[in-house]
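The values are calculated or read from the model by the stated rules, or taken from the named source; none is laboratory data. Bear in mind the structure is a predicted one, so any value in this text is a computation, not a measurement. Ideal geometry is used to build each Cβ from the backbone, glycine not excepted, and the neighbour counts take in all protein chains shown.
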Amino acid sequence: MVGFKHLVVLWHPPLTTVLCTGIGIFGKLLSRRNNDTSPERNDVYIGQPLMLASISATSLFVVKCLSLAKFEEGVILLLFALLYVFLFVVLAYIDKRLAWRSVRLNEVDVYERKFWWGILIPNAAGMSCLYIVFLYAHVQNI
């Protein structure tokens with residue numbers, strides 16, 4: 001029989017990614033103002049915060065690798081961090097140019113996030129980057 005500790009070690013990367021995503025969405029929904037007229041789907045977007053979490057986690061793992069004298073892993077993680085900074089800039093561009101559409105809600109024009117460019121693609125990019133960081137650290141025993 002597989003023990004609980006083995007399951008936690010085996011499923012650590014996906015569980016951590018899903019937990020961070022869920023907490024981020026829940027926190028955005030909790031911070032919504034009363035009588036807010038903007039569409040609720042705007043609060044489901046957490047692509048950029050997940051990318052910032054990926055950059056932060058990667059940077060922490062780089063420091064840990066350097067302190068453990070695992071220089072090759074540290075260089076790979078540093079390249080991941082640079083890639084994530086580039087993806088963060090790409091997500092900012094997508095958010096500025098492609099993610100929004102104007103809709104009429106209660107006789108008022110409001111901006112709503114598009115499903116694909118405004119919610120799904122940025123959230124999937126942020127989740128996959130965070131997952132890759134945790135998976136790489138898990139596989140390399142960092």
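Numbers at a glance
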| item | result |
| --- | --- |
| Subset tally (residues that are closer than 21 Å to TRP116 by Cα and either crowded, with 17+ Cβ neighbours inside 10 Å or not charged (D, E, K, R) (or both)) for the stretch 21-31 | 6 |
| Total residues in the stretch 77-132, condition within 25 Å of ASP36 (Cα to Cα) and of a type in the set (Gly, Ala, Ser) | 4 |
| Selection within the stretch 32-55 - of a type outside the set (Gly, Ala, Ser), farther than 16 Å from TYR111 by Cα and crowded, with 19+ Cβ neighbours inside 10 Å | ILE46, LEU50, MET51, ILE55 |
| Any hit, the stretch 134-141, residues being among the β-branched types (Val, Ile, Thr), more than 16 Å from LEU52 (Cα to Cα), in a helix (DSSP H, G or I) and without any contact (Cβ under 8 Å) to a residue 40 or more places away in the chain | yes |
| When residues of the stretch 21-59 are limited to those that are among the aliphatic types (A, V, I, L, M) and within 8 Å of the chain's Cα centre (by Cα), the one farthest from ILE94 (Cα to Cα) | ALA53 |
| Subset of the stretch 56-77 that is of a type in the set (A, V, I, L, M) and in contact with a helix residue (DSSP H, G or I) (Cβ under 8 Å, 6 or more places away or on another chain) - its residue that is surrounded by the most Cβ atoms within 10 Å (Cβ to Cβ) | LEU77 |
| Some residue of the stretch 68-86 being at pLDDT below 95, over 18 Å from the mean Cα position of the chain (by Cα) and acidic (Asp, Glu) | yes |
| Yes/no for SER128 being surrounded by fewer than 16 Cβ atoms within 10 Å (Cβ to Cβ), within 18 Å of the chain's Cα centre (by Cα), closer than 24 Å to HIS12 by Cα and modelled with pLDDT of 90 or more | yes |
